[in-house]
Structure formats: structure tokens, C-alpha cells
Amino acid sequence: MRLPKAPEMTDVAFGLKGESVPESYAFLLWQEVACHLSWLESDEHAGILPLRGTLNSGRILLPQRAKLVLRVAAEFASQARVLAGKTLDIGGSLLQVGEFDERPLKPYPTLHAHLVEGPSEEEAFLAEAGRQLEDMEVACKLICGRQVAMGDSEKLIFGFSLVLHDLKPEESLRVQRAGLGGSRRFGCGMFVPFKTISV
């Protein structure tokens with residue numbers, strides 16, 4: 001059964017100034033951003049891409065050129081501008097949001113997701129991911145990475161990192177728009193370009 005078509009999506013990126021965030025920042029970050037962008041809650045495909053940084057003693061150290069990247073329906077992209085200039089409180093860590101930059105999705109033959117939510121057994125996980133891709137009419141090769149857990153004392157999300165390659169242009173865009181698995185708002189199942197793989 002084919003899944004409903006995901007809307008046209010785009011990435012909106014903001015400069016981000018701050019020293020570090022808790023390792024389990026994703027839940028608090030969504031809450032803070034959604035406070036300023038109330039329409040996010042009604043967009044089931046919207047999410048915040050994982051922050052890039054270095055894990056150290058339970059905290060993620062942010063680089064000087066850190067970015068806050070939201071994937072949202074293209075029709076709402078301009079409304080995200082109001083986030084620029086805001087201060088986000090992530091468990092006591094203050095982050096200053098900088099300028100807005102829209103980045104339309106582009107087709108790449110190889111994509112990577114840090115965490116796709118799914119079964120804890122690799123074989124079952126790959127079977128479920130394959131089923132979802134088939135429902136989207138996407139035919140590609142899958143490489144399962146390490147098992148990943150994300151959460152805090154109230155919520156835990158389990159899954160694996162995942163690489164998809166040999167994607168056709170339209171398939172690549174389809175995967176980036178819809179994602180795989182659940183918990184999109186916390187950065188799960190969101191795919192970004194990855195280095196080319198030759199097999």
C-alpha cells in the first residue's frame with residue numbers, strides 16, 4: 001500500500017551561537033522552537049535536523065559555526081523567519097538564533113540518517129525500513145549502521161543509523177521529504193547527503 005505523498009519540503013537554516021547542549025537536547029529543542037513557531041505542531045513531516053557537535057561528558061559541544069536546521073513544508077518556510085534573533089533555553093543552556101537561510105532540497109544518490117526509529121534487532125529493522133521504502137516506491141540499497149538510542153528519563157527512542165544509496169533523483173527527493181520511521185520532530189529518520197559509495 002503506497003503511503004500518502006509528502007508535501008514539498010525545504011530546509012531553513014539559522015546561525016546558532018552557544019557553547020553546548022545536553023546530550024538529550026532534542027526534546028527540549030523542539031519544545032522551544034515550537035513555542036515560537038506554533039504551526040510546526042500540525043506538520044507531521046516537519047522536524048529539526050540533529051545538531052552537529054562533539055559529545056563530551058554527557059554534553060554536545062557546539063562548533064563556532066553551528067547551525068539550527070529545520071525541515072518544513074515549503075509553503076511555511078517564510079514564516080520560520082520569526083525565529084531569527086530569538087534565544088532558546090535548552091535545559092539551562094542558552095542558544096542565540098541567528099540569520100535565516102532557505103536551502104531547497106536537492107537530489108543526491110546517497111543519503112544518511114543519524115537515527116531511524118525502529119525495531120531493536122537489525123534484521124527486523126532493515127525489513128521494516130525496506131517495507132516503508134517499498135510503500136514509497138523507492139528502490140535502493142540499504143546499509144545499516146550502529147544501533148542508536150536517544151532520550152532522557154521520560155522518553156527513549158531506539159533505532160539504527162542508515163545509509164541509502166543508488167537512489168534515483170526523484171526517489172532521493174521523496175525520501176528527504178517523507179523520511180523513515182517516526183519521531184521526525186526530534187531529528188529521527190531525516191536524511192541528508194552522504195559521501196558517494198561504490199560497490
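Observations, loosely collected:
- Residues within the reach of a label modelled at Q96 (point 7 angstrom out along Cα to beta-carbon, backbone nitrogen below 14 Å), restricted to the range 33-69, are 64-66.
- Counted charge near S78, where neighbours are those whose Cβ lies closer than 13 Å (Asp, Glu -1; Lys, Arg +1): -2
- Equivalent ellipsoid semi-axes - Cα gyration tensor, the range 111-193, angstrom: 21, 13, 10
- Measuring nothing but how far apart in sequence close Cα pairs (under 8 Å, 6+ apart) lie, relative to its length, the range 22-134 scores a relative contact order of 22 percent.
- Largest GNM mean-square fluctuation across S93, S20, S183, computed for the chain with C-alpha springs under 10 Å, falls on S93.
- Between E8 and A124, the simple spin-label model (points 7 angstrom out along Cα→Cβ) gives 4.0 nm.
- Under a Gaussian network description of the chain, with springs only between Cα atoms under 10 Å, the residue in G91, G179, G189 that fluctuates furthest is G91.
- Label selected from (1) 0.97; (2) 0.93; (3) 0.95, the criterion being Rg/Rh (Cα atoms, Kirkwood Rh) as computed here: (3)
- Crossing angle, helix 122-135 versus the chain [Cα axis fit, 0-90 degrees, rounded to tens]: 80
- Between the Cα long axis of helix 25-36 and the first principal axis of the chain there is an angle of about 70°, rounded to the nearest 10.
- Rel. contact order, % - alpha carbon contacts under 8 angstrom, at least six apart, the chain: 28
- On Cα atoms only, tilt of 169-178 relative to the major axis of the chain in degrees: 50
- Residue ranges 155-166, 132-143 sort as 155-166, 132-143 when ordered by packing (mean number of other C-beta atoms within 10 Å per residue, highest first).
- Residues R71, R177, R131, R52, ranked from the fewest to the most other C-beta atoms within 10 Å, line up as R131, R52, R177, R71.
- Among E154, E122, E171, the residue with the largest mean-square fluctuation in a Gaussian network model of the chain, with springs joining Cα atoms closer than 10 Å, is E154.
Any read-out appearing in this document is the output of simple, stated calculations on the displayed coordinates, not a laboratory observation. Remember, predicted model here, so these are calculated numbers, not experimental data. Cβ: placed from backbone, ideal geometry, glycine included. Neighbour counts: every protein chain shown.
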